[in-house]
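Inspection log for the structure reproduced underneath, given as structure tokens.
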Amino acid sequence: MARYNKTSPYADTQIVDNLYLDIISIRPVPALPDDVLYEVEPQYNHRPDLLAYDLYDSPKLWWVFAQRNMDVLLDPVYDLEPGVKIYIPTGPALKNLLGL
């Protein structure tokens, strides 16, 4: 039986008959008072994994940007372009939210 860790966007999704994942249970990333408005820099063009690594020491948290900025990042990779402004949860707030 596969088990996803707390950094995965699939962590809350049920496993059916020990064979496959059920319909994804979206892990919301709500707006928090200490979120930072960030303008994407050129080195992160189409690379949310690099931004997640630099901010949170884990490229696996790339999906957090898409969940927190659903109105801006319709495509979590190709909409992440230089000059785009997104809200980013701070490291401690995100760890608390994800239960890390």
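When segment 44-63 is filtered for residues that are aliphatic (A, V, I, L, M), touching a residue at least 24 places away in the same chain (Cβ under 8 Å) and farther than 15 Å from P28 by Cβ, the ones remaining, listed by number, are L51, L55. A count restricted to segment 80-100 and to residues that are closer than 14 Å to V36 by Cβ and in contact (Cβ under 8 Å) with a residue 60 or more places away in the chain stands at 3. Sub-8 Å Cβ pairs linking a first residue in segment 64-79 that is touching a residue at least 40 places away in the same chain (Cβ under 8 Å) to a second residue that is among the charged types (D, E, K, R) and surrounded by 13 or more Cβ atoms within 10 Å (Cβ to Cβ), at least 6 apart or interchain, are Q67/R27, ordered by first then second residue.
Of all residues in segment 17-44, those that are at pLDDT 90 or above and either farther than 19 Å from K85 by Cα or surrounded by 15 or more Cβ atoms within 10 Å (Cβ to Cβ) (or both) total 4.
The values are calculated or read from the model by the stated rules, or taken from the named source; none is laboratory data. Quick caveat, the model's predicted, so the values are computed rather than measured. With ideal geometry, Cβ positions are generated from the backbone for all residues, glycine too; neighbour counts draw on all protein chains shown.
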